[in-house]
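Quick one: the structure is below, and I'll ask about it shortly.
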Amino acid sequence: MNEWLVEGAGNRKAFEDLLEALRPAGNGGHTTGGALALVGAGSSARVRYPLWGGLLDRMATTVLENDPMAEAKLEALKGEPDLLWRAEEYRRLLGPDLFTALIRQVFGPEEAPHDEFHEDLVRLPFRHILTTNYDAVLEQAHTAAFHRPRAVAVTWSEASNLREIIQRIGDPTYGRRYVYLHGRFDAPDAIVLTEHDYTQRYTRQSDTWPKLFTLLAAQRVVSIGFSLSDLDLMAVFREVKALMGPGDPRHFAILPHEGETESGAARQRLQGRYGIRPVFYRQDATHQGLPALVRALVVALAPPRPSMAPEPVTPSVRPPPEPLPPKAGYDPLCYVRQPAVERRVSSGLAEAGSPVVVLGPARSGKTALLRHVLGDAVRADQAAGKQSRSVLIELSTFGPEAQVSYEDFLYELASRIVEGVEGDEGWLDDAWGRPGTPARRVTWLLRTHVLHTVTERLLLAIESADQLSRFGFWESVLGLLRAWAQECNAPWNRLRIAIAVSTEPTLMKEEIHRSPFFNAATLVRIDDLDEGQIEELTRHYRLRWTAAERATLVGLVGGHPYLLRLALYEAALHGTSARRIVEEAADGGGIFRDFLDQLRRKLDPELLAALCGVLQGSTAKLHPDVEDRLRSAGLLQSQAGVHRVRYPLYEAYFRRLCS
């Protein structure tokens, strides 16, 4: 647990719940990531922008510098406890011109300074970020964190833009906006600072409360660097809490707390009055706990990076120096060739016009096969004096921002393609500085720059493409890829697209495989390893098993590549015999238990009931969709209308589960 987190079971639980609330997760094919951030002056104070009291002091100093005769008035105002009224008087004494110049001077420029904390903050998967600040710190942090030419800023007074944000709050193709609740430094007339400003915004503007209420009632809000002392804004939280009725607090706030342990009183007040669960960090003079907690959230939410493929080398029959763990990344020295499948993939990549889709159950070797074929293709072209490149993109490593917004997804995709061809980062700035949709920008980037880095083929491979089903805009992505692949005119005739799709039972239900993209593609299904390939795999693990020992293992797991590697690794590492592995598997799953449990969790009740029916000898006909999903996931074999579970290991595990 983060060392800055205040002690207390309630606080630890609040931090864990905040983490889960922010975690993007698939839900009916859409990525949730729907929380809003509410960022206050505490975030910008880190880079020396003034807090409320500091701003009032700057206003008073400016008044005195320009009108020494106002000293008596200023001295009288120092004792005024109503800060809004004091700001009102300071603004009146400044006059419009001086006030405008002061706001621009204090909270500009566009190139606002920021630090790592701000980049961490904008990396969190917030739908939009609301702020009461006047500076452009968060916009600049967004540009730096995502390598974007410009973040999209909207002020509360821009009615049409604000209406669009509310109307498209659930649209994953609508990119993040930075919403300035109290105005931005470059439009001082719209700044909310004084008693008059607050009255105008929260009382006289009839649409302010309904719009804020809509946002706070429909979306989770996480306050960061916001002291919860803004009475008008907090009144909206209170109204939402009252009208929504009893229930668990919906919102969160990361707040400082004196002392290492909380008493619980402040938590009860915030939860009961405003529906806000506080996450307290230990207060110190520089508020180091705030960036520490935000960093902890970023680290916990970051997707794991897969093992990177080593540089292509000539395959060798020499075994690896150590047995390769079954979950290790692709290693050409340990790769077992599947000539028939490889030929189909290579044939599909030979000519432009049709993408290639490699299909198979989880951990069936799709990634290794795809990487091996692409490596062979590039080496063959190079040997013939042709210039080709391969770019491999792992979708599971795309961050939360790219999972929520279509625009950010395409920017991340474009960035990785440019990096893969060793292109100029300026290409991205050129593309994103152009008018038009994000799809048109990335298409222009490929046509104008990327495809001219090769004279023969650019092999673009997307791994874990099944992850697209978690993104609400997957149809748009596949439609764009299809359009690229089917364009046969130069320079598009140099592009080849291949994707690897895991036919998981839950993912298949999202019908991503029924996209028109797949109708236009060359589909290649991964097969089980045959007897000769299993013998070769056994040699890679330096095992001198007899044909009978190999048959013992195959009798349990068939030719499933991952399950075979799991067993062979166990045998190579611990000397466990094939018979012992099979016997232990009969008692709860043995070394295969984790894999089997993961497989079970992917089955919804409908699929599990169908599988149990097959095991119990039911003669009822399976629904075609159910049969297709079970077969594609590697769970079922069907012949002449008769169904059976594919591997004895699966049969034994699910038979116990169904009994």
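The values are calculated or read from the model by the stated rules, or taken from the named source; none is laboratory data. None of these values were measured; they are calculated from a predicted model. No Cβ is skipped: glycine too gets one built from the backbone with ideal geometry, and neighbour counts run over all protein chains shown.
Scan (1) part of a helix (DSSP H, G or I); (2) at pLDDT below 90 for the single condition Arg565 breaks and write down its number.
(2)
Looking at segment 27-41, which of the residues that are modelled with pLDDT under 90 and surrounded by 17 or more Cβ atoms within 10 Å (Cβ to Cβ) is farthest from Leu181 (Cα to Cα)?
Looking at residues that are modelled with pLDDT under 90 and surrounded by 17 or more Cβ atoms within 10 Å (Cβ to Cβ), I get Gly29.
May I pose another question? Condition first: part of a loop (DSSP other than H, G, I, E, B) and either among the small types (Gly, Ala, Ser) or farther than 19 Å from Glu407 by Cβ (or both). Now tell me which residues in segment 424-448 satisfy that.
Correct list: Asp424, Gly433, Gly436.
Taking the options Leu596, Leu657, name whichever one is farther than 25 Å from Leu523 by Cβ, part of a helix (DSSP H, G or I) and under 30 Å from the mean Cα position of the chain (by Cα).
Result of the check over Leu596, Leu657: Leu596.
On to the next question. Which numbered condition trips up Gly589, out of (1) surrounded by fewer than 19 Cβ atoms within 10 Å (Cβ to Cβ); (2) farther than 27 Å from Ala547 by Cα; (3) touching an Asp or Glu at 6+ places or on another chain (Cβ under 8 Å)?
(2)
Here's a follow-up. Which of the residues that make up segment 200-217 are under 27 Å from Glu88 (Cβ atoms) and of a type in the set (Ser, Thr, Tyr)?
Selection gives Tyr202, Thr203, Ser206, Thr208.
Any chance you could count how many residues in segment 491-513 are among the small types (Gly, Ala, Ser) and at pLDDT 90 or above?
Count: 2.
Under 9 Å between Cβ atoms, which residue pairs at least 6 apart in sequence (or on different chains) link something in segment 291-305 that is under 16 Å from Ala21 (Cβ atoms) with a partner that is loosely packed, with under 14 Cβ neighbours inside 10 Å and at pLDDT below 90?
Ala296/Met1
For Gly634, are the conditions met, namely being touching a His at 6+ places or on another chain (Cβ under 9 Å) and on the phi > 0 side of the Ramachandran plot?
Yes: the conditions hold for Gly634.
Here's a follow-up. If only one of Thr448, Thr443 is more than 30 Å from Ser502 (Cα to Cα), surrounded by fewer than 21 Cβ atoms within 10 Å (Cβ to Cβ) and either of a type outside the set (D, E, K, R) or not assigned by TED's automatic domain parsing to the domain that holds Glu504 (or both), which one is it?
Thr448
A follow-up question, please. What is the one condition in (1) aliphatic (A, V, I, L, M); (2) assigned by TED's automatic domain parsing to the domain that holds Pro172; (3) part of a helix (DSSP H, G or I) that Val106 does not satisfy?
(2)
Have a look at Glu262, Glu239, Glu258 and point out the one that is among the acidic types (Asp, Glu) and in contact with a Gly (Cβ under 9 Å, 6 or more places away or on another chain).
Glu262
In this structure, does Ala112 turn out to be part of a loop (DSSP other than H, G, I, E, B) and out of contact with any Phe, Trp or Tyr (no Cβ under 7 Å at 6 or more places or on another chain)?
Taking the combined requirement at face value, the residue satisfies it.
Continuing with this model, one more query. Of all residues in segment 451-487, which are assigned to a helix (DSSP H, G or I), of a type in the set (Ser, Thr, Tyr) and over 13 Å from Phe517 (Cβ atoms)?
Passing the criteria: only Thr453.
Filter segment 374-406 down to the residues that are buried (at least 23 other Cβ atoms within 10 Å of the Cβ), assigned to a helix (DSSP H, G or I) and not aromatic (Phe, Trp, Tyr), then identify the one that is modelled with the lowest pLDDT.
Glu401
In this structure, is Val582 outside the structural domain of Ala362 (by TED's automatic domain parsing) and either free of Cβ contacts under 8 Å to residues at least 24 places away in the same chain or in contact with a Pro (Cβ under 8 Å, 6 or more places away or on another chain) (or both)?
no
Continuing with this model, one more query. Inside segment 253-284, can you point out the residues that are assigned to a strand (DSSP E or B), under 16 Å from Ala9 (Cβ atoms) and charged (D, E, K, R)?
Passing the criteria: only Arg277.
Still on this structure: Looking only at segment 535-563, which residues are small (Gly, Ala, Ser) and under 22 Å from Gly588 (Cα atoms)?
Ala551, Gly555, Gly558, Gly559, listed by residue number.
Tell me, please, whether a residue that is touching a Leu at 6+ places or on another chain (Cβ under 7 Å) and on the phi < 0 side of the Ramachandran plot can be found in segment 200-210.
No; the residues of segment 200-210 include none that is touching a Leu at 6+ places or on another chain (Cβ under 7 Å) and on the phi < 0 side of the Ramachandran plot.
Please find, within segment 347-373, the residue that is surrounded by the most Cβ atoms within 10 Å (Cβ to Cβ) out of those that are assigned to a loop (DSSP other than H, G, I, E, B) and among the polar types (S, T, N, Q).
For segment 347-373, the residue satisfying everything is Ser364.
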